[in-house]
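The values are calculated or read from the model by the stated rules, or taken from the named source; none is laboratory data. In this text the structure is predicted, and so the values were computed from the model without any measurement. Cβ coordinates were reconstructed from backbone atoms using ideal geometry, including for glycine residues, and neighbour counts include every protein chain displayed.
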């Protein structure tokens, strides 16, 4: 019988060979025995001496979703019981997102060095290079080493072909010149990863002789790469337990500027007194903070030798919070802060929790060998009951939302006790349901693993990058690179969070612009309010604390999708729209620095635009001009420079750029076209209105609420 083959768009995909791995380490290659088709679904039946495997293909047209089930006479491996080779045409280029731990090899030393400098202490360890190699060699890694490396983030890698895909990858976008293939791995009963080849390597987490149907990957093909990604995500959402971003409620922290305690105070300096002092200082300088996160370090915990060494001892704040969490929250709200968030991990604390916490919550726990302590049970009902009581305590302390960290750990907490996907589904969905039942929103963190994103049923904001590192030139480049390319996938699942930053970081401007274009939350982590760059913040924060940002998460332009701007002499360019204008940000994140010349083309944007002439304005240089139809706009940037170009179509010889004091000038205005062809402009803030009329650019000083006819 021929190899199993199905068509996605006009791309033929073969799934062969299939390799079954047993608990004793032995392997068997399965041969196809039978094919059946019904209700738009194809099932390919495979068998070997001791096992049967069914591969299901669901969907039509541009999208497919792959599933499998298996039965065996012998125990299947608790790690990787199945490998599925994917054979298809060779692409020109590939962008992959990988969770391979070695991708961030320089970050450990960076945390020890720069995080300490940021809190006015001596560095712990050597200074990392300003031009770190990226990506480093990403070879095979044993699963035991993988899970001890906090594999919670994805990292973009630019490849020549499928054979270069690093192990433990979760997404690829392949360029065929006239079409694009997007593939996303999923967690259902099991969890799938991409291996070189490409190959789907299926992780189960529990030795078993029967694995019921488990969805492992979604695929989409389109002549538009952005459409391929979107449809790949939408197809997956029809079969596993997440919903796309646009179908979920907007998180409560999206509209105003926030502050987080992490880089400002770390754990040792976190206290009621220091939080109130910093937040008060920022407010006194005129910054209307909408929300605050009390990050790691508030807990009454126990430390021990080994990994992870910190566990929650009691459901209480430590002695640095004499009035408890409720006391500091009350103090912040008395100062005018609207929302207060509290940090914890998905297993309550890094090393789980002690018996006393279990007694206080009155629920059941699961003793995990991975952390050597109690964690939430992998039953949905029991997990919901535990989280419900925990979140009730959180809510009683005047908390409005939670930052839930360390979510990837679901991959390892229940090893060899429960199938990984079942445990992840039960705990993730129970956690989200309990949080929302208690009126708490969720900021997801360390959650870019399949076990997490496959289960974001309610959650709608997630960190999409490794931690921000203050003052490090290498991070200003890599963090921007990571965030932008990770967001091309994850922005379809949740609002992307590019992490906090310090406004007086020497590279603060590039961090700020990236976050403005993220479409997600924006928050600072300043330690010294007297150093806060108020002038920079005023360029994207309105006087009432509302954020100036794009309409939706930005994506790389078509010529940036596969270009590797860290290693190649090209600019990183991303684009979105802002209240009727096209907004483009260009970054020089090249590893070696120097000046890079490039151009902006309206034909290469990640969304369709009107043909015609455009008036443009560069937010930082102040240059304005007219971009004629089919022309390109040249741009030149030095190392770690950034420029934002806003373009507005010229109609009836008029175009309103907006208030030029803001990085996105169109955000704080409303423009209405009158029957006469003129434009009526209402201003939502005071500033300088920049507009094009009768062949010239004009400026007018305006007050908030002004009405101007152009």
## Note on the structure
Of the residues in the range 145-163, those that are in a loop (DSSP other than H, G, I, E, B) and over 16 Å from residue 482 (Cβ atoms) number 4
#### Entry: Subset of the range 315-344 (residues that are under 26 Å from residue 257 (Cβ atoms), touching a helix residue (DSSP H, G or I) at 6+ places or on another chain (Cβ under 9 Å) and assigned to a strand (DSSP E or B))
317, 339, 340, 342, 343, 344
#### Entry: Pair list, Cβ under 6 Å, 6 or more apart: the range 395-416 residue at positive phi and without any contact (Cβ under 8 Å) to a residue 12 or more places away in the chain, other residue surrounded by 22 or more Cβ atoms within 10 Å (Cβ to Cβ) and part of a helix (DSSP H, G or I)
none
### Message
Let me confirm something: among 133, 122, which residue is at pLDDT 95 or above and more than 25 Å from residue 489 (Cα to Cα)?
### Response
122
#### Entry: Given (1) surrounded by fewer than 23 Cβ atoms within 10 Å (Cβ to Cβ); (2) closer than 25 Å to residue 499 by Cα, number of the condition residue 404 does not satisfy
(1)
### Message
Quick check on residue 567: is it part of a helix (DSSP H, G or I), out of contact with any helix residue (DSSP H, G or I) (no Cβ under 9 Å at 6 or more places or on another chain) and either in contact (Cβ under 8 Å) with a residue 60 or more places away in the chain or within 30 Å of residue 278 (Cα to Cα) (or both)?
### Response
no
### Count of the range 263-278 residues which are under 22 Å from residue 541 (Cα atoms), surrounded by fewer than 23 Cβ atoms within 10 Å (Cβ to Cβ) and touching a strand residue (DSSP E or B) at 6+ places or on another chain (Cβ under 9 Å)
1
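Name every residue in the range 290-300 that is over 23 Å from the mean Cα position of the chain (by Cα) and either surrounded by fewer than 23 Cβ atoms within 10 Å (Cβ to Cβ) or modelled with pLDDT under 95 (or both), in order of residue number. Steps first, answer last, please.
Going through the range 290-300, the residues over 23 Å from the mean Cα position of the chain (by Cα) turn out to be 297-300.
Residues satisfying the conditions are 297, 300.
More than 25 Å from the chain's Cα centre (by Cα) and free of Cβ contacts under 8 Å to residues at least 12 places away in the same chain: is that true of residue 384 in this structure? Walk me through how you get there before you give the answer.
Details: more than 25 Å from the chain's Cα centre (by Cα): yes; free of Cβ contacts under 8 Å to residues at least 12 places away in the same chain: no.
No: the conditions fail for residue 384.
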### Query
Could we say that residue 125 is out of contact with any strand residue (DSSP E or B) (no Cβ under 9 Å at 6 or more places or on another chain) and more than 30 Å from residue 70 (Cα to Cα) here?
yes
### Query
Which members of the range 508-540 meet the condition of being in a loop (DSSP other than H, G, I, E, B), more than 25 Å from residue 267 (Cβ to Cβ) and either in contact with a helix residue (DSSP H, G or I) (Cβ under 7 Å, 6 or more places away or on another chain) or in the same structural domain as residue 564 (by TED's automatic domain parsing) (or both)?
533, 540
### Task
Check residue 446 against each of (1) surrounded by fewer than 23 Cβ atoms within 10 Å (Cβ to Cβ); (2) touching a strand residue (DSSP E or B) at 6+ places or on another chain (Cβ under 8 Å); (3) farther than 26 Å from residue 144 by Cα and name the one condition it does not meet.
(3)
### Query
Would a scan of the range 218-225 turn up a residue that is surrounded by fewer than 24 Cβ atoms within 10 Å (Cβ to Cβ), at pLDDT 95 or above and farther than 18 Å from residue 93 by Cα?
no
### Message
Among the residues in the range 248-255, are any modelled with pLDDT of 95 or more, assigned to a helix (DSSP H, G or I) and buried (at least 19 other Cβ atoms within 10 Å of the Cβ)?
### Response
no
### Task
Would you kindly identify the strands (runs of 3 or more DSSP E) lying entirely within the range 639-710 that contain at least 2 residues that are touching a residue at least 24 places away in the same chain (Cβ under 8 Å) and surrounded by fewer than 18 Cβ atoms within 10 Å (Cβ to Cβ)?
679-683, 687-693, 696-702, 707-709
